[in-house]
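These notes are about the structure you will find just below.
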Amino acid sequence: MALRLFPSPTLARYTARMFLVRTLAFLGGLVVILMTLDLLGESGRILAVEGNGEAELWKYVSLRVPQIIALFLPFSVLLATLVTFMTLNQASEVTVFRAAGLSAHQILAPFMLAAFVVAAANFAFNERFLARANAELDAWKKAEYRPIDRGVRPRTEVWVRAGDDLWHAEEVRGTGEATRLVNVTQYDREADRLVAVVRAREAQPMPGGWLLTEARRFEVDEGTREEHATLPVVSTAAPEQFTTASVNADHLPFGQLRRAIASLDAAGKPTDTLVAKLHHKVSGPLSAVLMPLLGAVAAFGLARSGKLFVRAVVGLGLGFAFFVADNFAMALADFGTFPPWAAAWAPFLLFLLVGESVLIRTEE
């Protein structure tokens, strides 16, 4: 029995069912309460727009609920873990499990498996619903809850760095060899010193650089200005650098984000923050698997010892410490002071070791 992960399938189903029911109950309660409070705060802004009514309120709810679910599902798993373990402990069921020959890890195994199922469902939910809801809600908020114009618009106010030089285009049209830069300015720099400023009505790619139309070149040192009907400019700036749109990782599912990062890499743009968020799309939902391990401190030890509440508080503290560390690591990745993979996975691995250490020290 000691070598079997699930010595008793009946007990495994019993504890896993208790855990899942409480997880769904906590999640449902949190979603209803938080969505109600959030809607009370936003309904005034939504209804202030002429033509908006009940349909727009329900639209807001449909877009906001996926965000609340994704944010508070790990908290629900943590709370469900603690309540389930406290219930089992108070009824002396943990003592019965141990007397039957089950180890602490065997008692935890059904919880971990159920939490993994929750994590997989969370990942699938984020891929299917959350990314689309984030993009649509952000666009709607930017339009101040007015109807959104779905027409395709050219990119405007694009800045690109190529070596020491800086490029600015008021408008970018087309892609690849058909790229056209409208009202473009090149700041020609050498060793961080401005040498010349070139302005043109239009620019199109050519081998090794760009062909500028109706160009005016101002030499900084001489203070002279030259005008050219066409002016070829040698530059390492590639069309992809102008046409690759800025990427919001929260608006894209995992596969699309990977492709967007590859495009940005090809265009020579920084991607560390996006890579960290790509990893976090997996490590974030997987954090649900940690919650039974961190909350297990509430399961072991006799209820009559008087320390059950203290154990529950310790488990709650460990869970919230993980969320704080996870957010802190992602913030460091945003500032570029932490490797992307470490920002996403270091808190998970650290608290996995912490949970195992606490479990072994207190029980095994």
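Values in this text are rule-based calculations from the coordinates and carry no lab data. The model shown is predicted, which means the values in this text are computed figures rather than measured ones. Positions of Cβ are backbone-derived with ideal geometry, glycine not excepted, and every protein chain shown enters the neighbour counts.
Here are the numbers for the structure shown:
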read-out: Axial C-alpha extent at least 15 Å, average Kyte-Doolittle at least 1.6 - helices from the chain (DSSP); value: 104-125
read-out: Computed over the chain: relative contact order in percent, which uses C-alpha pairs under 8 Å that are six or more apart; value: 17 percent
read-out: Dipole magnitude of the chain, debye to nearest 20 (Cβ charges: Lys/Arg +1, Asp/Glu -1, about Cα centre); value: 1800 debye
read-out: Charge dipole of the chain about the Cα centre (unit charges at C-beta), most positive-ward option of V195, T81, V65; value: T81
read-out: Gain on full stretching of the segment that runs from A25 to H168 - 0.36 nm per residue minus C-alpha separation; value: 46.1 nm
read-out: For S235, distant residues with modelled amide H under 5 Å away; value: G209, W210
read-out: Y14 versus L211: modelled label distance in nm, points set 7 Å from Cα along the beta carbon direction; value: 8.1 nm
read-out: Charged-residue dipole, Cβ positions (Lys, Arg, Asp, Glu), the range 211-254 about Cα centre, Debye nearest 20; value: 120 debye
read-out: Approximate spin-label separation A325-Q204, in nm, with each point projected 7 Å along Cα-to-Cβ; value: 5.8 nm
read-out: Per-q log10 I(q)/I(0), the chain, q = 0.12, 0.13, 0.14 Å⁻¹ (Debye; single scatterer per alpha-carbon; no solvent); value: -0.97, -1.06, -1.14
read-out: Among D164, D272, D188, residue whose mean-square fluctuation peaks in a GNM of the chain (springs only between Cα atoms under 10 Å); value: D164
read-out: Taking the C-alpha atoms of the range 207-292, convex hull volume expressed per residue in Å³; value: 133 Å³
read-out: Charged-residue dipole, Cβ positions (Lys, Arg, Asp, Glu), the range 164-235 about Cα centre, Debye nearest 20; value: 260 debye
read-out: Length added when fully stretched, I148-F254, from 0.36 nm per residue minus Cα-Cα; value: 35.6 nm
read-out: Extension reserve of the K307-E190 stretch, reckoned as 0.36 nm per residue once the Cα distance is removed; value: 35.2 nm
read-out: Rg and Dmax [Cα atoms of the range 20-89; Å; Rg one decimal, Dmax integer]; value: 15.7, 57
read-out: Charge-dipole axis of the chain as Lys and Arg at +1 and Asp and Glu at -1 on Cβ define it, positive-most pick from A121, S92, F335; value: S92
read-out: For the chain, calculated [θ]222 nm from helices alone, where every DSSP H run of n ≥ 4 adds -39500 (n - 2.57); value: -19500 deg cm²/dmol
